[in-house]
Structures are given as C-alpha cells and as structure tokens.
Amino acid sequence: MSSSTTATGGDMYDTIVVGTDGSASAMKAVEHAASLAAVTGAHLHVAMARPSIPVLVSPDMMVATAEWTNASDQATHNALESATATASEAGATVTAHQLAGDPADALLSLCDDIGADLLVIGSRGMQGARRFLLGSVSSRCAHHANCSILIVHTD
C-alpha cells in the first residue's frame, strides 16, 4: 500500500461530501465525516437539498407556497449552519452547499461536480410509504455514485 492510500493521512481522501437532512440521525453522519476529514486532511462539503414544494392543487395556495419556500430555505440554512459548526469543531475544513431537487440526485451531482473521493450518508432519513415508493437516499446513492460511499449506521 503506498503512502497515498493510507487512512492515517496522505491523499486517500481529498474531498469528502456528507449529506444531511437536518435530523439528529443525519448529524451522526456529519460527525463521522468531519472526524474522517480532520484525520485525513480532506476538505469536507456538507450538503442538503431544500425540501421540495408540495404539489399545488389550487391558485389559492400561492401564498402558502411562498411561505413554504421561505420556511424551507430557512430550515435548510439552519441545518447547514449547525452541521458546518459541528464539522469545524471537529477540526475539518468545511464548505456548505444548499442544493435543490431530489436529495439523492443532488448529492450525486455535487460529488461529480467537485470530484469527490467519498460520499458519507446516514442509513436513516425518509420514513414511511414515500421511502418504499422512492427508495432511500442512501440506497440510491450507493447504487449510482461515481465515488466511494460510506453509509454511517445512524439508528
């Protein structure tokens, strides 16, 4: 094994992306990724996709849609701020990314765009019927990523 592939430094990971949804379980993935970035000297990119706007069923919902967008942007900003602070406290160099669209697609696109070496995601996120209809973010990322994946057990 060359020195560039050791897990205790070197260049094994230069760029790590971690996805969050603002939940306590996602913060476990952020903490894990931040520790890994601090140990390896990698740059950590914390990313969250803003929740999509619910489908409109009438023109009367336009005001509610604007309120949803503002609340969603603020919640995403707050979650990224918290995750970034946690990562910085762990000693990682960190950049936050507010993404749009489907979380799995957005994370995979970010990884491709910045040339990520590793994507870190939690094992839990979306719950209920939507999870079975859409598939979990971690499962979709694991099957479609162009970089290594670390799924942190967050139960």
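Where a number appears in this text, it was derived from the coordinates with a stated rule and is not lab data. Please read these numbers as outputs of a predicted model, since none were measured by experiment. Glycine also receives a Cβ, built like all others from the backbone with ideal geometry; neighbour counts cover every protein chain displayed.
Go ahead and run the numbers for FRET between Asp155 and Ile114, Cβ-Cβ distance against an R0 of 25 Å, rounding to 0.05. Working from the Cβ atoms, E equals 0.30. Extension gain, Ala85-Asp14: 0.36 nm per intervening residue step, less the Cα-Cα distance, totals 23.6 nm. Relative protection proxy for 66-73, 36-43, from highest mean packing down: 36-43, 66-73 (other beta-carbon atoms within 10 angstrom).
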